[in-house]
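The values are calculated or read from the model by the stated rules, or taken from the named source; none is laboratory data. Everything quoted here is computed from the prediction, not taken from an experiment. As a convention, Cβ positions derive from the backbone with ideal geometry for all residues, glycine included, and neighbour counts pool all protein chains shown. Just the protein is used for accessible areas: all its heavy atoms, side chains included, with ligands, DNA and RNA removed. Shrake-Rupley method; radii C 1.70, N 1.55, O 1.52, S 1.80 Å.
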Amino acid sequence: MRGPIAAALLTLSLTNCALPERAVPVMPDPAQLSAGCPDAFPKLTGLPPLARFTLAADVIGTRDDGTRALLPAGTEVALYSNVLDRDEVTALFIVRGARGAWAGCRSGVLYGLDWIRNMEAPP
């Protein structure tokens, strides 16, 4: 007896509900998403110039792996300490500024814009 009653109640509950074909999502406002976020990737400033010079005479130098090598006259070189200084400025820029400030803010904006574009696309 319970089976027919349950089937009747289930049929009645399903016939009274009219479900829409597609739910209408509430989309975020792109202007609010991008407020306060820079539109362009920040520029690197404060990078020390790469001071290069040409060897006037043959010089024996040391490679990165510690082996010695003959550098002939006329070879263009830069001081390793200068290269390391430039690398440090670049790395700090990427970690502190670009990744934190720009990417952290813009990634949410770009995700929202992609989401809106996909939701507006036909099914």
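Structure above, values below:
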{"quantity": "Breaking point among (1) of a type outside the set (Ser, Thr, Tyr); (2) modelled with pLDDT of 80 or more; (3) exposed (fewer than 11 other Cβ atoms within 10 Å of the Cβ), for Pro123", "calculated": "(2)"}
{"quantity": "Candidate set: region 22-44, residues that are closer than 30 Å to Trp102 by Cα and surrounded by fewer than 10 Cβ atoms within 10 Å (Cβ to Cβ); chosen: the one modelled with the highest pLDDT", "calculated": "Lys43"}
{"quantity": "Residue pairs meeting the criteria (Cβ under 6 Å; at least 6 apart or on separate chains; first of a type outside the set (A, V, I, L, M, F, W, C), in region 39-63; second part of a loop (DSSP other than H, G, I, E, B))", "calculated": "Asp58/Pro72; Asp58/Ala73"}
{"quantity": "Residue within region 74-85 that is open to solvent by less than 40 Å² (accessible area, probe 1.4 Å) and either part of a helix (DSSP H, G or I) or more than 29 Å from Leu47 (Cα to Cα) (or both) present", "calculated": "yes"}
{"quantity": "Test: residue in region 1-16 that is at pLDDT 80 or above and loosely packed, with under 11 Cβ neighbours inside 10 Å", "calculated": "no"}
{"quantity": "Single unsatisfied condition, Leu19 versus (1) at pLDDT 70 or above; (2) closer than 30 Å to Ala121 by Cβ; (3) of a type in the set (A, V, I, L, M, F, W, C); (4) open to solvent by 70 Å² or more (accessible area, probe 1.4 Å)", "calculated": "(1)"}
